[in-house]
Every structure is written in C-alpha cells, then in structure tokens.
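Laboratory data are not the source of any read-out in this text; all were calculated from the coordinates shown. What you see is a predicted model; the values in this text were computed from it and never measured. Backbone-built Cβ (ideal geometry, glycine too); neighbour counts: all protein chains shown.
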Amino acid sequence: MTRKEIINVLEEISDLMEFSGENPFKISAFKNGANTIRRFEGDFEILIEEKNLDSIKGIGKGLQNIIYEMFQSGNSSLLSELKLQIPETLPELFKVRGLGPKKIRMLYKELGIKSIIELERACSEGRLTVISGFTDKTEKKIFEEIEKIRENEKFVLIYHADMMNDSFIKILEGIDSIIKYEVSGEFRRHCEVISKLEYVVFASSAENVKSKLMNTYHNLNLSEDFIEINEFKIPILLHIVTSEDEFTSKLFVTTGSSQFIAIQNFEFDNNVKTEEDIFKSNKLPYHAPIFREKEYLDNSCAVKKITELVEEKDFHGFFHFHTTYSDGSNSLKEMVLGAKEKGYSYFVVCDHSKSAFYANGLTEERILLQHKEIKALSEEIKLPIFKGIEADILSNGDLDYSDDFLHNFDFVVASVHSRFNLNEDEMTKRIIRAVENPKTNLLGHPTGRLLLSRDPYQVNIKMVIEACSQNNVAIEINANPRRLDLDWRHIFYAREMGCKFSINQDAHSVDDIKYLKYGVWMAQKGGISSNEVINCYSLEEFQSYLKTKR
C-alpha cells in the first residue's frame, strides 16, 4: 500500500471503531496516526522497509505492526475483522455525504438501517425524524444525497472509461472477422463522465463476432445489429454493420450527441463515404466529434474561434504539483525528475498552504526549508524550478499567508478548499477578492466540483471569469479526472474575455502526471489553442508572463 492508501485504511478503521462504540482513546490513536503520517515530511516508505516507524512520534507499537502488515500484504486483518462484526452492507452508508459514524450508529441502533436501500426507504417514509437530532431538513438532505449516489452509479469517470477502452480494443483486435472498428458515443466526444462505451464494428460475419464474445463474456444482450455486454460498471455496446457505407452513417449517429443531431436536423442516407460528406450534404461546416454538443449550437462564436487545438506535445511547464512536503506521495526530486522524463523543461511546485491542515499544509518555516531544497535541486539538475504555493482562499477572500510573506513565492495558485456551503453571492465575492490579490497568478479548480461525488459550489462563474480577465489571473483547467474543472462549457466565455489558462494535473504522485491527457481533452472541447495556455509558454515567455504580475 502507498502512504495515501495506508492513511485511508487507518481512517476507515477509526470510523468503524467509532460506529462500534470502541474505546475513544483507541479510536483517537488511529485518527491521530493517520494525521501524523499525513504530516510526516520524510520518506515514509523507506522507514517502513527498514522497520523504523518507531522514530515517528505518535506511532505506537500496535499501530506500527498494523502499518507493516498493510505495506507488505496490501491488506489489514484488523479492518477485515471489524467488517465481519457489522452487517455486510453497512459500510456503504459512509458514502452518504453528511453521515458520520455516530449518525450511522444511531440509524442502525434505532431504526435497524444497514444499507442505502433501507435508508432511502426510511427517508421516503419520513421515519428519520424520530431520532434525536434528525430534522425534516436533515432527512431531505440525506434523501437528496442518496439520489445523487443512485444517479452517479450509472457513470464512470472518463479515466476509467479510457482504461476500459484500452482493455476492450484488445478483445476486438483478436477477432478475425472484424474488418475495422471505431469507438463511438460519449467517449468519442470526450465527455467527462461516461454512461456506456459504444463501438461501431464493421465485420464480415456478425455471427462470428457474437460467437467470439459469447466465449469471453456471459452477461450479453444480443440482437440482430448490436451486442450489449453487461459485466462491468457501465455497459459496452457494439453496433455491428456489414458494409463500409453503413459504418460511416452508424458512426455518425451513435457518436451523437442526439441533441446536436436533432437541432441541426441532419438528413442523409447510408450511402456516405465520410462524416465530412454528411456535413457537406447538409450545407453545414464540419464539426469534429468533440464539438458535436448542444452547447456549440447555443454559442454562435464557439466553433468560429477554434484554430489549432492545444496538444500534449505543446507543454513545457509542469505546474501545480504536490510533494511529500504536504500531501504528495513522492519527494520534490522524484516529482521533478518524473516530469522531466515526460519532456517538461521547467517546474512550479505548489504544495498546500498552512490552512490546509488536513493535507499537511506548510507553515512559513517549512516553506523556507522547501525553498532551500528547490534551489539546491535546481542547481543539481540544471533546470529551473519555481517556488509556488497552492494558497487556501479563506472565507473572507484573503489568502492564508500575509501579503509580505507571499513575496517569497514566484507563483501563487489560489484555491477554495473549505466552506463550500456559502451562498452564491458570498462565494463569488470571496473568490473575486482572492483573484484581485496582486500576488495571485492562477485560480485553482474554480468551481470545486468532484465529478460523481461533489457538486460545484454556488458561484457566479461569469463574474469570476471577468475578474480573472481584469486582473491578469490565469484560470486552471484541473486535469485530475475527478475534477476536470474549469468545466469546458465555461471555457467559451473565458476565451471571449481573453483569459489565459493553465492545464494542471494537480499531481500528488509521479503516476498522476499521466492525467495531462484529460485536461487537454477538456481544453480541446473548449477550443483552446496552445498560445492561450501558460504551461505551453517557453521558459522565457513564462518568465515574462510572471513579470506582468509584479
């Protein structure tokens, strides 16, 4: 297990212990242990390998043995034991936002609720209000959260769909009767979340394709012209065609979006050679698959402003990444060298700031220590490493270091990490105040959404975009597939306002560097070219850009 996974398991153990009514001191030992590991600045994995965890204050012998076991086996026998002591379905209640161990314990003890289905039924029947502390408002909120969970269960993140696609095309490539195939639907349009993976398959024998897949999968729905595989979180749908002309028309229709096709009122027959022909015969400009969305038709200038789209190869600067100084899994050197191997030539480390106690945020003293290491590493590898920070935007819009101390940084990312429940006016004023800070260079993950997990906070994003434009603050397109924030639908207005963008993996490990791909896909959906992205600047251009904020 990685450090982050060990922390997650320790927190899960403490939650289950709290639910079971264990000794509070025992519960605290696991919670505090998780926080101690999160704040530890050294090489945690080396300490485990060398059995030296006793050198960390706050990690007792009992906890040490549990951590050694997790690191070596990838499992925790204590966690397994705790799960055996509770109903099998009960852990799913912890997925409901707003429910902690104590509330879940009350629901179980007083109403016998041990699953989301039972909780949903109790909410619909109005039974939660009999429990002390559960009001009508609480019940309504829980019911809304369950509805979100139900809806979100129908989708996967584009990252997971991408991995499914990589695996499934190997299956398709192994079927001899398939002449050619193309991924279609939501994935071809690069939607942020995917409800099904679709393919158009041109085969010499549809029966042969069905037979091969039946040998591989068991839960299949078969018809004359499609195959649906239902063995994964989302279905895989194959549209089978037996002619080249039909392949093109089927690919166009299944790519969608259905709204785009309906609004444009396309007319065509199956005797088409290319998708370009379909647009041409309907006297319409060609739209690449990623642009076939209703939003492009609602925004008359969206497609007209698209020139040469940004690509991964255009990137020079690796921005907004985290290290073991805060909550990253890899050291500064490991992160920089990992990015260097990917072709980056300059770097901007942006660990969490001091208010982010949950992420081992850096105090002023630790910042100065990190700056010494940055200088030494930069001299060692003979490449520039800029001193950055991801500063928390406090509830009043201030950043969480003094203005004087902010002068120690070359690059400041301002982000909201708390108080998500402010109303729209309060949140908008809060973010704009941070954007107006002369030291702010970049607004991080502007709407705070976590796809399939947390809705964006209430904010007037147009006013925020306007403030970024007026204050020469770039807007982040966070490439982490759980965020993909700024939403591509807001990119049109940001481009119209002349904003610059920064596409960042928000990497917390070397492995996260691969997420760039998804941020680029979202930027492409918004029509962004490389000259609008500050990570694509040469070193000299980036240094000049920084001077515009001085």
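Quick notes on this structure:
- Highest mean first, the peptides 251-262, 429-440 sorted by other C-beta atoms within 10 Å per residue fall in the order 429-440, 251-262.
- Structure-derived Cα Rg over 2.2 N^0.38 Å: which label, when the choices are (1) 1.07; (2) 0.98; (3) 1.19: (1)
- For the stretch 230-335, applying the loop criterion from DSSP together with a ceiling of 16 other beta carbons within 10 Å to the GluC sites (Glu not before Pro) yields Glu231, Glu267, Glu308, Glu311.
- Only Lys, Arg, Asp and Glu carry charge here, each on its Cβ (+1 for the first two, -1 for the last two); on that basis the stretch 1-108 has a dipole of about 520 debye about its Cα centre.
- Each residue of the stretch 491-508 was assigned a 3J(HN,Hα) from its phi angle through the Karplus curve 6.51 cos²θ - 1.76 cosθ + 1.60 (θ = phi - 60°); the sequence is 5, 3, 5, 5, 5, 4, 7, x, 6, 9, 10, 9, 9, 10, 6, 6, 5, 10 Hz, with glycine and proline shown as x.
- Contact order for the stretch 156-298, expressed relative to its length and based on alpha carbon pairs under 8 Å spaced 6+ residues apart, stands at 21 percent.
- Ranked by how many other beta carbons lie within 10 Å on average, peptides 498-511, 50-63 from highest: 498-511, 50-63
- With the charge dipole of the chain set up from +1 on Lys and Arg Cβ and -1 on Asp and Glu Cβ about the Cα centre, the Cα lying farthest toward the positive end among the listed residues Met463, Asn208, Val9 is that of Met463.
- Applying 1/(1 + (r/R0)^6) with r as the Cβ-Cβ distance of Asn32 and Lys233 and R0 = 45 angstrom yields a FRET efficiency of 0.80.
- Remark: spin-label model distance Glu334-Arg39 equals 2.2 nm, labels positioned 7 Å along the Cα→Cβ axis.
- For the stretch 156-298, the direction-averaged projected area of the alpha-carbon convex hull comes to 8.4 nm².
- Pairs beyond 25 Å (Cα-Cα), from Lys95/Lys233; Lys61/Lys103; Lys4/Lys313; Lys154/Lys525; Lys250/Lys280: Lys61/Lys103; Lys4/Lys313
- The relative contact order of the stretch 64-159, computed from alpha carbon pairs under 8 Å that lie at least 6 residues apart in sequence, is 20 percent.
- Protection proxy ranking, highest mean first, for peptides 191-200, 463-472, 138-147: 191-200, 463-472, 138-147, where packing is the per-residue count of other beta-carbon atoms within 10 Å, averaged.
- When only Cα pairs below 8 angstrom with a gap of at least 6 residues are kept, the chain shows a relative contact order of 11 percent.
- You can think of it this way: the chain between Asp404 and Asn460 has 17.2 nm of extra reach, that is 0.36 nm per residue less the Cα-Cα gap.
- Here the stretch 204-227 is scanned for amide nitrogen atoms under 12 Å from the site 7 Å beyond the Cα of Ile261 along Cα-to-Cβ, giving none.
- For a paramagnetic label modelled on Ser205 (point 7 Å from Cα along Cα→Cβ), amide N atoms under 11 Å away belong, within the stretch 170-187, to 176-178.
- Between Glu5 and Glu50, the simple label model (points 7 Å from Cα in the Cβ direction) yields a spacing of 2.3 nm.
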